[in-house]
Structure formats: C-alpha cells, structure tokens
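Chemist: Structure incoming, see below.
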Amino acid sequence: QEQLVESGGGLVQPGGSLRLSCVASGFTFSSYAMSWYRQAPEKERELVARIDSTGGYINYADSVKGRFTISRDNAKNTLYLQMNTLKPEDTAVYYCNRYYTPLYWGQGTQVTVSS
C-alpha cells in the first residue's frame, strides 16, 4: 500500500534543466525525511540529496551542490528535485525514497544529458 512514484525525467542537453517529482501514498508523508538517489549504468546507487520531514534540514552530495535543489510539498505528498546546469555525468535513473526507513525501490525516472 505504501508507494512512491517518480516522474519528470527525460532527455536534455548539457546545461539544461529538469524538475523531478515523487508522489507518495499509503503513509504519512509529512512525518518522514525523504531523499533522492540515482544510479548510472555500471555504477552503484548514490545518495543525491536529503530533506527532513519539514524541510528544515537539507543536504546534498558534493557532485550536485549549487546545481540541484530538493524540496517538498507536504500538503501534496510530493517530493521534488530541481536540476539545473545538467552535465552528462548526471545521466542516471533517479529514485526517491524515505531516508531512514526506506521502502521498496520503484521504477525511478530516467534522466539523460546528452548533446
């Protein structure tokens, strides 16, 4: 019953932007810290960004600091990742999950950065 559904990925040119969304259902979204992860081909899944239950604490991987912004709208049960100045090395499948007590991994959403 607990579910996370990612969307918003696509093909963009280097320097472009995308906004990813993650819609949660089946649990009290506002009670949980959330996170974005990504997994590139032949690489391990890595933590991209995390946000506490209210948005009061946010942290990013060094590789995306200054370019990505994590946010949440608890009234809409939705987590966001605004990605700017995208680079080819950002190409990956992006996933959302609860930070401390993760759920199953969903389908994710593909982000491809290429000329």
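Chemist: Given a 1.4 angstrom probe, what's the average accessible area per residue across the stretch 1-51, in square angstrom?
Modeler: Here the residues of the stretch 1-51 average 54 Å² of exposed surface.
Chemist: Something else about it: Mind running the shape call on the chain? Use the C-alpha gyration tensor, a ≥ b ≥ c as the square roots of the eigenvalues: rounded below 1.5 for a/c, prolate if a/b tops b/c, oblate otherwise.
Modeler: It comes out prolate by the Cα gyration axes.
Chemist: Right, next: Report, in whole Å, the centroid distance computed from the Cα atoms of the stretch 32-67 and the stretch 69-107.
Modeler: The two parts, judged by their Cα centres, are 7 Å apart.
Chemist: Given the protein chains as shown and a 1.4 Å probe, how many square angstrom of T28 are accessible, to the nearest 10?
Modeler: 80
Chemist: On to the next question. Fully extended, how many nm does the chain gain between Q82 and D62 (0.36 nm per residue separation, minus their Cα-Cα distance)?
Modeler: Difference between extended and current length: 5.6 nm.
Chemist: Now for a separate question. Starting from the amide H of F68, placed 1.01 Å from N in the peptide plane, find each other amide H under 5 Å away whose residue is 5 or more places distant or on another chain.
Modeler: Hits under the 5 Å cutoff: N84.
Chemist: Starting from the Cα-Cα distance between D73 and S53, subtract it from 0.36 nm times their residue separation and give me the gain in nm to one decimal.
Modeler: Extra length available between D73 and S53 comes to 6.2 nm.
Chemist: Still on this structure: What percentage of the solvent-accessible surface of the chain, computed with a 1.4 Å probe over protein heavy atoms, is contributed by carbon and sulfur atoms?
Modeler: Of all accessible area on the chain, carbon and sulfur atoms account for 45 percent.
The values are calculated or read from the model by the stated rules, or taken from the named source; none is laboratory data. All values reported here derive from a predicted model rather than from experimental measurement. Side chains are part of the model used for accessible areas, which takes the heavy atoms of the whole protein and leaves out ligands, DNA and RNA. Shrake-Rupley method; radii C 1.70, N 1.55, O 1.52, S 1.80 Å.
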